[in-house]
Structure formats: C-alpha cells, structure tokens
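The next block holds one structure in the form of structure tokens; read it before the comments.
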Amino acid sequence: MGTKNMVKLLMIALLGVVMTISGCAIVASKHKLYDGEVANAVTILSSPTVQVTYIDNRDMGYSFVGQEKEFSVLPGEHTLIIEYADFWSPATGEDEKVVSRPVKLTFTAEPSQTYQLTHERLMTLELSQAFAKKPVFRVKNIVTNNVVDAVFEVSAPKSFVSQFKFETTPEYQFVSDSVVSEPALKGLQIKADVEPVEKNGGLVKTNAGRVEQLQQLWADATQDEKANFLQWITVK
C-alpha cells in the first residue's frame, strides 16, 4: 500500500473519531420488532441525544451518546422509555455527561410513516442540565413534517415497588404503573379509592385491602383491647 493511500485511510479514520466525539449522528443499529414482512411498517428514529431503552416493554439494548437507532414497528399505539443524554466539555476540560430521568412516551403510529424523537436545541451545559431536570420531547412525523400528539410521563425517584421493572432504570418508577407500597404484604393490591367503612355487629365491611381493615380495627379499639392485642402478638 502506498504512502498516499495510507494517509488517506488514516484521515478517514480520524474523521470518524472526530464525528463521534462531536456528537454527530451515527446510525449504528436497526431493530425490527415484528416477524415477517409488513408493507405498511412504521419507522421510529432516535436522535443523537435521545436514547431509547424500551419499546413496548422490550429491551432495546445499550446506546451511547451520538448514536442514532432505527426501529421498525407495526402501526398502532406504542409505549417507549427514553432518556436525554449528552456530553459536555466545560472549562475544566473534563467531559461531563448529563442524563435525564427516564421518560415514558406513548403515541399512535400511522401506517408507512417515519417518526423522529427530538427535543429543543441545547447550546450550553447550563441549558442541558436544566432540560435534564424537566425533559420535554417531540415526536415528529418526517413524512408530513408535523409534530404528532403524544403522552409523556417523567419518572419519579423510586420509593415503592413497581409491577413493571426496567432493568436499565432501577432508580426510577412511573406513577401510571400499578404499584404496591413496601410496607404492604407482597401480592396485596392497594386500591386508591377506598369505600367508606360500615360496622355491622362489631365487624368491618369494606372493599379495602387487609392492611386498611387492620388499621381501622386498631383505630376503633379501646385501650384495654389494644393492650390485650399487644400482649397476644408478643406471645405469638
């Protein structure tokens, strides 16, 4: 191989590295979420700073900043878990990664359309950090050049166990997921709307869970009854 060809190859390799570091989009992988061939399939594109971790509760694998992924799905409603992530180089010269909390995105994909997951342009580290605290995304139909209707839910710090656990997001949960509190018994479903309690012959009638029934019985018990119960539970 001649010297000129060697230099040319080195320049191409260097250009690829520079594009990666500068955050330019790199279509690194394509994911097909259905079997067979579908004529009216839908394409969903992530952006360099929008990482898709789950689609319809299916793990989409690891993504790095600057990578753009392409997902092929069937028409219809889809739920995605996405994050904002970007690298910045402040005056210290050390790269700083800014990542948002996971966001649940739900929208209806029309047949044969292509959608891009985007957000507002962020020019500084400060804007990036502020955006990460309250991320707002857009789902843009590239074919029609319109932003489509979508429902977004920013996750909250995890304080109770969710029925749907995402392996890549163990620190957060979504309020819309059905949940049970940690102090409650496993498998016990806590209802948000508890019907009024009615007494009949000293018994409690309610559609609430067993924990609520016990709490109500304790609240209505006399001091002697509470003392007798505590003595009994100690022996047990």
On the formula 1/(1 + (r/R0)^6), with r taken between the Cβ atoms of Thr106 and Gln216 and R0 of 30 Å, the FRET efficiency rounded to 0.05 is 0.20
Rounded FRET efficiency, nearest 0.05, which uses the C-beta distance separating Val154 from Glu94 and R0 of 30 Å: 0.60
Distance (nanometres) between label positions extended 7 Å along Cα→Cβ at Asn57 and Val136: 3.2
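Arranged by the count of other C-beta atoms within 10 angstrom, fewest first, what order do Asp177, Asp35 take?
Asp35, Asp177
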Please report, in debye to the nearest 20, how large the charge dipole of segment 26-172 is about its Cα centre when each Lys and Arg carries +1 at its beta carbon and each Asp and Glu carries -1 there. 200
Glu126 to Lys30: extension gain in nm, 0.36 nm per residue of separation minus the Cα-Cα distance? 31.3 nm
Counting only DSSP beta bridges with both partners in segment 26-172, the antiparallel fraction in percent, to the nearest 5, comes to 80
Suppose a student asked you for the relative contact order of segment 26-172, using Cα pairs under 8 Å spaced at least 6 residues apart; what percent would you report? 22
Likely footprinting exposure, Thr124, Thr53, Thr114, fewest C-beta neighbours within 10 Å first: Thr124, Thr114, Thr53
Diagonalise the Cα gyration tensor of segment 62-114 and give the resulting equivalent ellipsoid semi-axes, square root of 5 times each eigenvalue, largest first, whole Å. 31, 12, 8
Which entries of Lys30/Lys133; Lys69/Lys133; Lys32/Lys134; Lys69/Lys140; Lys30/Lys134 show an alpha-carbon separation above 26 angstrom in the structure shown? Lys30/Lys133; Lys32/Lys134; Lys30/Lys134
Counting other C-beta atoms within 10 Å, which of Arg121, Arg101 has the fewest, and how do the rest follow? Arg121, Arg101
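No lab work stands behind these numbers, since they all come straight from the coordinates. These figures come from a predicted structure and were not determined experimentally. Quick reminder, even Gly has a Cβ in these numbers, built from the backbone with ideal geometry, and neighbours come from all protein chains shown.
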